Amino acid sequence: MKIRRISARPVSIPMNRPVITGGGAVEEAVFVLIDVGTDSEIVGRSYVFAVSPLLAKELVALIEGIGGRLTGEDIAPRALHEKMWKSLRLAGVEGFIGWAIAGLDMAHWDAFAKQAGMPLYRVLGGQSREIDAYNSNGLGLIGPEAAAKEAAELAKGFGAVKLRLGYADVEDDCEVIEAVMDAVPPEMPVMCDYNQCLTRSDAKVRMAAIDDMGLAWIEEPLAHDDVDGYASLCAYTETPVQLGENARSPAEIARLIAAEAADLLMPDVAKIGGVTPWMNAADQCAASHVRLSTHLFPEISAHMMAASPTAHWLEYVDWAEAVLAEPLKVEKGKTRPSETPGAGIDWNEDAIAKFAI
């Protein structure tokens with residue numbers, strides 16, 4: 001089966017619950033939808049987050065340009081990923097170039113699994129199983145009363161919820177944590193995410209204050225590349241430190257593990273470069289006995305988690321559901337990867353026409 005055509009389309013979907021963080025607000029989910037056509041009836045599909053409508057058009061051009069150079073190649077995901085990476089390494093395979101490679105890699109794996117007639121998790125060596133899912137929608141910097149109300153709504157049907165922190169002072173952070181924990185069912189894990197908004201000194205003050213509040217983890221309090229700072233924080237706090245969503249390669253995950261800069265890791269399938277490098281990072285986590293979670297893209301992430309020995313939590317967001325024919329289902333805090341051949345991603349064309357940029 002060979003690649004015959006590449007197409008990419010940008011869409012902008014208003015969020016049901018805008019995410020307000022210490023680093024800014026996100027009110028719309030801008031995606032580029034990718035289709036890799038083959039010389040059979042099989043089409044590989046995926047999507048990547050494009051941040052803003054302005055950048056989406058540039059990402060479309062990158063995906064179609066990089067993908068167009070693969071026309072005539074066999075659908076062999078690992079070989080195709082290596083070809084893309086080698087051809088662009090002088091430009092640097094980070095940022096949008098890396099996201100373009102990731103989107104194509106995900107679509108290649110989707111087509112490959114469809115050709116095999118199996119769900120993606122099976123061709124990755126996994127087996128169908130229940131995966132713990134937490135609700136990561138909403139719960140931005142909206143204050144204790146609003147956060148408590150939203151947390152109670154978001155907890156329904158899920159195994160955990162995650163709130164964003166980074167209020168004006170540490171007392172506000174503590175008040176919101178208490179309000180959310182009182183609002184969700186007893187014993188339900190609550191994670192928090194600082195979205196890289198703290199300095200080292202502020203992080204130590206805040207983490208000391210919230211360390212005994214029973215949070216499941218504290219995510220990205222510092223700039224993601226402050227490896228030494230994270231190593232210090234991990235030694236300083238009892239609450240697990242979560243990191244890794246901004247790792248651009250398996251090598252960066254390896255550095256975080258070697259430096260003991262995180263207790264938990266959660267690589268993002270787009271930022272790390274696709275399914276191929278994500279699974280390489282998962283192997284490193286397994287070898288080092290590090291619990292592994294996902295970041296965004298729940299549909300394809302569920303397949304990768306089913307093939308990961310140290311799988312921990314799947315992050316669920318509903319951002320892309322409007323343009324998907326069959327969104328991922330979560331029931332009683334659990335989900336399973338789609339059983340249809342491929343990654344289970346198909347488009348709702350009516351919705352795409354509505355949200356097209």
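The values are calculated or read from the model by the stated rules, or taken from the named source; none is laboratory data. For clarity, every value in this text was computed on a predicted model and none was experimentally measured. For neighbour counting, all protein chains shown are included, and Cβ atoms are generated from backbone atoms with ideal geometry for every residue, glycine included. Heavy atoms of the whole protein, side chains included, go into the accessibility calculation; ligands, DNA and RNA do not. Shrake-Rupley method; radii C 1.70, N 1.55, O 1.52, S 1.80 Å.
Odds and ends about this structure:
- Stretching the chain fully between Ala209 and Arg255 yields a gain of 13.7 nm (0.36 nm per residue, less the alpha carbon separation).
- Scaling the Cα radius of gyration of the stretch 1-120 by the globular reference 2.2 N^0.38 Å produces a ratio of 1.12.
- In the context of the full protein assembly, Val123 retains an accessible surface of approximately 40 Å², using a probe radius of 1.4 Å and ignoring ligands and nucleic acids.
- With protein chains left intact and a 1.4 Å probe, residues in the stretch 141-255 average 41 Å² of accessible area per residue.
- Between the stretch 63-95 and the stretch 1-62, the alpha-carbon centres lie 17 Å apart.
- Compared with the dominant principal axis of the Cα atoms in the chain, helix 95-116 is inclined by about 60°.
- Shape call, the stretch 100-139: gyration tensor on alpha carbons, a/c limit 1.5: oblate
- Efficiency of FRET from Cβ geometry, Asp202 and Ala325, R₀ 56 Å, rounded to 0.05: 0.80
- Diffusion of the chain by Stokes-Einstein, at 4 °C in a medium of 1.567 mPa s and with Rh set to the Kirkwood radius over alpha-carbon pairs, works out to 63 µm²/s.
- Between Ser288 and Asp74, the FRET efficiency estimated from the beta carbon spacing at R0 = 41 angstrom works out to 0.75.
- Couplings for the stretch 16-25, taken from phi via the Karplus curve 6.51 cos²θ - 1.76 cosθ + 1.60 with θ = phi - 60°, read 5, 9, x, 9, 10, 10, x, x, x, 10 Hz in order; Gly and Pro are left as x.
- For trypsin sites (Lys or Arg not before Pro), no site in the stretch 190-247 is both called loop by DSSP and has at most 14 other Cβ atoms within 10 Å.
- Above-threshold pairs, the threshold being 19 Å between Cα atoms, out of Lys156/Lys332; Lys204/Lys271; Lys149/Lys204; Lys162/Lys334; Lys86/Lys271: Lys204/Lys271; Lys149/Lys204
- The chain - percent of accessible surface contributed by carbon and sulfur, probe 1.4 Å: 50
- Ranked packing of 187-196, 74-83, most packed first, by mean Cβ within 10 Å: 187-196, 74-83
- Extended-chain gain in nm, criterion 0.36 nm per residue less alpha-carbon gap, Ser40 and Asp182: 45.7 nm
- Surface accessible to a 1.4 Å probe, per residue, for the residues of the stretch 17-79, Å²: 44
- The stretch between Lys2 and Leu54 holds 15.5 nm of extra length on full extension. This uses 0.36 nm per residue minus the Cα-Cα distance.
- The angle between the Cα long axis of helix 77-88 and the longest principal axis of the Cα atoms of the chain comes to about 80 degrees, rounded to the nearest 10.
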